[in-house]
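Written below as structure tokens is the structure these notes are about.
What follows draws every value from the coordinates through simple rules; no lab data is involved. This one's a predicted model, so the numbers in the text were calculated from it and none came from an experiment. Here the Cβ positions follow ideal geometry from the backbone for every residue, glycine too, while neighbour counts run over all protein chains shown.
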Amino acid sequence: MWSYFLRRLVGLVPVLFGITLLVFLFLKLIPGDPAVAILGERGTPEQVEALREKLGLNRPLPEQYLAFVRRVLTGDLGVSAVSTIPVGEELKRRWPATFELALAATLVAVLLGIPAGILAAIRKNTLWDNLSMSLSLVGVSMPVFWLGLLLVYLFAVHLHWLPTGGRLSTEAGIGFKPLTGFYVLDALLRGDFRLLADVLAHLVLPALTLGTIPLAILARITRSAMLEVLSQDYVRTARAKGLAERQVILKHAFKNALLPVVTVVGLQFGTLLGGAILTETIFSWPGIGSYIYEGILNRDYPVVQSGVLVVALAFVLINLLVDLSYALLDPRIQYR
Amino acid sequence: MKRTLIGILAVGALGLGLGQKTLVFGHNGEPVSLEPGNITDGISIYVQRQIYDTLVDFKPGTTEPVAGLAVSWFASQDGKVWTFRLRQGVKFQDGTDLDAEAVKFNVERWWDPKNPTRIDAAARYEIWPKLFGGSKGEAGSLLKEVQVVDKYTIRFVLTRPFPAFPAAIGSGYFGIASPSAIKKDGAKYGSPTGSAVGTGPYRLVEWRPGDQIVLEKNPYYWKKGYPKTERVVFKIIKDPAARLAALKAGTIDFTTDIPPANLKDIESDPNLNAVFRPSFNVGYLALNPSHKPLADVRVRQAIAMAINKKAIVQAFWGKLGVTDGHFTPPSMKAYQSPKVTDYEYNPQKAKQILAEAGYPNGFDLELWYMPVSRPYFPTPKEIAEAMAADLSAIGIRVKLQTKDWAAYLADRRKAPGFQAYMLGWTGDYGDPQNFYDPHFASPITDLFDASGKPLDLKELNDLLVKGATTSSAEERKKIYQQVDETTFELALRVPIVHSQPLLAKRKNIAGWVPSPLGSESFETIEKR
């Protein structure tokens, strides 16, 4: 297993190189000069030229690419063209926000999606089944932006139950010094339950918004995986033995249906890291998603290049972990 | 259980409440830097304005210069030497004194690329050369020398007369910062991990990027009785819809940059007020003479006459825009010619003029609209469509075009340029030069003559040079009124709108006077 792990790890190297090349080329495909975009309608031709020089845009493409890769290899993710703050510093500060949100969204998806899928499977073709599957279809097709604003207007503006955005309320935020950057953890470490409540309140709506699509997908995958397993002989045997239905469902059927579900959870978590862009924007969530989004708007190449690279790295690593977790679930899977 | 959970969350959400001692401003973005003179974005300046004072201030709600850190100023006979008398007894927020040396320190830093206290990794400081012709050592540099005359007197020696100097040095870019704080912080100064120290009403307490910036009352502030509120929090909410929701929910007290379409929504909410920032911009349609029909001034005037600007402004801006034929916004009335009244909307007459110019059947025209929304053109495509419809009524067959913003900006300068395009300008300071020179000073780098050379307008250019160098205020007014008339008749850039940015506040916020210049002090604002 260790050699498999190592081989997979080595295999990531060309993948990551490919990603750097793709990101680089995509950015170059966007028409227009970033120097002009950064300076806007007020930039004079001389200023544009000076900024091009500064950003290294005058050099040939391969040279620009090599310079980018060389910097990344030495751990230097470059400097934002707009703020001049090192991108690495900014990503380091922001990733806990994104990670915490993605984790919360995954929790929402798992805790609601899997039970919904199981129920739909065991009550196949009932009202419950139809209802939950229709809802999951709505969930998948609902535009994130729209859903987010809908939730904000309902729960924050009208009902005043939850805050409209941010990670902390204004007052809790004054003088707050993050320790780990994971605010839930920070609040627990301080034993400050008021702060914890504040942090959790701020997490609810964005996690729900971000978690809706994976929730819907998970519900559907769980349902079909369960249906398949439930029709198997060993389930029939279990029932024939006179086992309680609860035992049959959870011990026999669900454990075996878990494999595809875990794959999807892992993949969805990976996409959440990158896909948080819209959610983070609506909820003023200071994570990597909103950072990359701004980078794209501002033509801030170093931000986009390095930001996407880091997200991609997280994504492939999570996939690797998902693959490894198969062994725990299904001993028949061999690593070679 | 469920009820308890919601209860806990609700307590967390509402918290203790901030009471009247804290103003929460919903800001539309993250400042790039809190170091003055180094950036040009309004988002940063808005925060800086609370921390720093400038030499010259402006009467609230206007562009009229009044005493700031300088109590008085005057120019030498030849208009080349400006002397400023500083206010005495002013302290920076770190307790050090404001004096002429401190001002010189700031100016040298902005002006001199070799200044050792410049954070050169960033190498910005682009606003100084933009407004003052160049940096130290460059041929175009307006500034020749900055001298400390005595402890409270500072003198600027210029290479040429520049009557707009007080207005320009008073612009929000040039807040005076504490030299000792800059020396102490080095490259960190003005960043989230460093300090930002001025003489303004509020001092920086903390800046948590992406989240909020906390400012507290400056105990040393020189204006007695101000600021009215103990604390200001800038809460960063970039998305306009989210910002409006936060205002409605009461998370924030007042905010900026609301989409014009939300005006009705705000006016119908009993807890909110719409607040209008006086216009300080122009959105125009540029007509490029390199396209043969547009080389004829009559054709350009016919176009100006054929576009129903009043109807367009009414439709797309409502209360949030005016159209008056002037290139400068209404807040600069003193420089506008009373003779300039906009071309009347008259398609019949326009058609007739077009026929006289030799185009009885009209012609084809490519009209470029911006791919992005700007304060002066919030919905460029729809506005372009409306103009195209008006033009088709006089036989001009418009083909609407656009491209990526960066390419749009760059390509308009590549000969022969776009035939017709939309763009605009927001002023830096309250002087007509800042509006006219970037658009009409020869050669005009984005409009071309028939042979494809950048357009050169000798007469207008002479007028602009005269305006830029004449010391007498009365004389200057006359010159710019003439410029107003000339540019109006030339119709190379047809002013479509001066738009008012829409702001909003909760009803209990009082004393907010938005400045046309884009940022104002919060010192007079209080929560009732």
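Sequentially through the range A:65-71, phi angles give Karplus couplings (6.51, -1.76, 1.60; θ = phi - 60°) of 5, 4, 4, 4, 5, 4, 5 Hz, Gly and Pro residues having no value and appearing as x.
Going from the residue with the fewest nearby Cβ atoms within 10 Å to the one with the most, A:Thr222, B:Thr62 rank B:Thr62, A:Thr222. Counting residues in the range A:13-73 as N, plug N into 2.2 N^0.38 Å and put the Cα Rg over that result. Normalised Cα radius of gyration, the range A:13-73: 1.28. Between the Cα long axis of helix A:87-122 and the first principal axis of chain A there is an angle of about 20°, rounded to the nearest 10. Among B:Ser268, B:Ser392, a tally of other beta-carbon atoms within 10 Å of each Cβ gives an order, fewest to most, of B:Ser268, B:Ser392. With unit charges on the beta carbon (Lys/Arg positive, Asp/Glu negative), name the residue among B:Pro329, B:Gly68, A:Pro14 whose Cα is farthest towards the positive pole of the charge dipole of the protein assembly as shown. Among B:Pro329, B:Gly68, A:Pro14, the one farthest towards the positive end of the dipole of the protein assembly as shown is A:Pro14.
For the range A:13-73, a simple Cβ point-charge model (Lys and Arg +1, Asp and Glu -1, everything else neutral) yields a dipole of about 260 debye relative to the Cα centre. With the charge dipole of the range B:383-526 set up from +1 on Lys and Arg Cβ and -1 on Asp and Glu Cβ about the Cα centre, the Cα lying farthest toward the positive end among the listed residues B:Phe418, B:Gln482, B:Leu463 is that of B:Phe418.
If only the Cβ of Lys and Arg carry +1 and only the Cβ of Asp and Glu carry -1, the dipole of the range B:420-528 around its Cα centre is close to 700 debye. Each principal axis of the Cα cloud of the range B:201-309 was evaluated for its coordinate range; sorted largest first, these ranges are 63, 37, 29 Å. Taking the Cα centroid of the range A:232-275 and of the range B:182-250, what is the distance between the two, rounded to the nearest whole Å? For the range A:232-275 versus the range B:182-250, the Cα centre distance is 52 Å. What is the Rg over Rh value, at two decimals, for the range B:387-525, using alpha-carbon atoms and the Kirkwood definition of Rh? With Rh from the inverse mean 1/r over Cα pairs, Rg/Rh is 1.05. Stokes-Einstein diffusion of the range A:206-336 at 20 °C, 1.002 mPa s viscosity, Kirkwood radius from Cα pairs, rounded to a whole number: 124 µm²/s. Remark: mean inter-chain Cβ contacts per residue of A:186-197 equal 2, using a 10 Å Cβ-Cβ cutoff to other protein chain atoms. Using the C-alpha atoms of the protein assembly as shown, what convex hull volume per residue, in cubic angstrom, is computed? Normalising the Cα hull of the protein assembly as shown by residue number yields 196 Å³. Test of understanding: extend the Cα→C-beta vector of A:Arg70 to 7 Å, then name every residue of the range A:24-58 with backbone N under 17 Å from that spot. The answer is A:54-58.
Using Cβ point charges alone (K and R +1, D and E -1), the dipole size of chain B about the Cα centre works out to roughly 1100 debye. In this label model, A:Glu228 and A:Trp128 are separated by 2.3 nm, measuring between points 7 Å along each Cα→Cβ vector. Spatial offset of the range B:373-451 relative to the range A:1-65 amounts to 31 Å, using the alpha carbon center of each.
Size of the range B:281-499 from its Cα atoms: along the principal axes, largest to smallest, the extents are 49, 41, 37 Å.
Note on chain B: Rg/Rh from C-alpha atoms, Kirkwood Rh, equals 1.00. The three principal axes of the C-alpha atoms in chain A carry coordinate ranges of 83, 55, 39 Å, sorted with the longest axis first.
Residues A:Thr126, B:Thr255, B:Thr22, A:Thr74, ranked from the fewest to the most other C-beta atoms within 10 Å, line up as A:Thr74, A:Thr126, B:Thr22, B:Thr255. Going by alpha carbons, how many degrees (0 to 90, nearest 10) lie between the helix axis of B:100-111 and the longest principal axis of chain B? Once rounded, the angle reads 40 degrees. Most fluctuating residue of A:Ala219, A:Ala156, A:Ala121 in a GNM of chain A with Cα springs under 10 Å: which is it? Among A:Ala219, A:Ala156, A:Ala121, the largest GNM mean-square fluctuation belongs to A:Ala156. Each 10 Å bin from zero holds the following percent of Cα-Cα pairs in the range A:67-194: 9, 23, 29, 23, 12, 3, 0. In this label model, B:Lys91 and B:Lys381 are separated by 5.7 nm, measuring between points 7 Å along each Cα→Cβ vector. Two numbers describe the Cα atoms of the range B:46-198: Rg and Dmax, which are 14.9, 47 Å. Spin-label model, A:His160/B:Glu101: points 7 Å from Cα along the beta carbon direction are separated by 5.6 nm.
Looking at B:Ile312, A:Val79, B:Gln401, which one has the Cα that reaches farthest to the positive end of the dipole of the protein assembly as shown (charges on Cβ: Lys, Arg +1; Asp, Glu -1)? Comparing the listed Cα positions along the dipole, A:Val79 ranks first.
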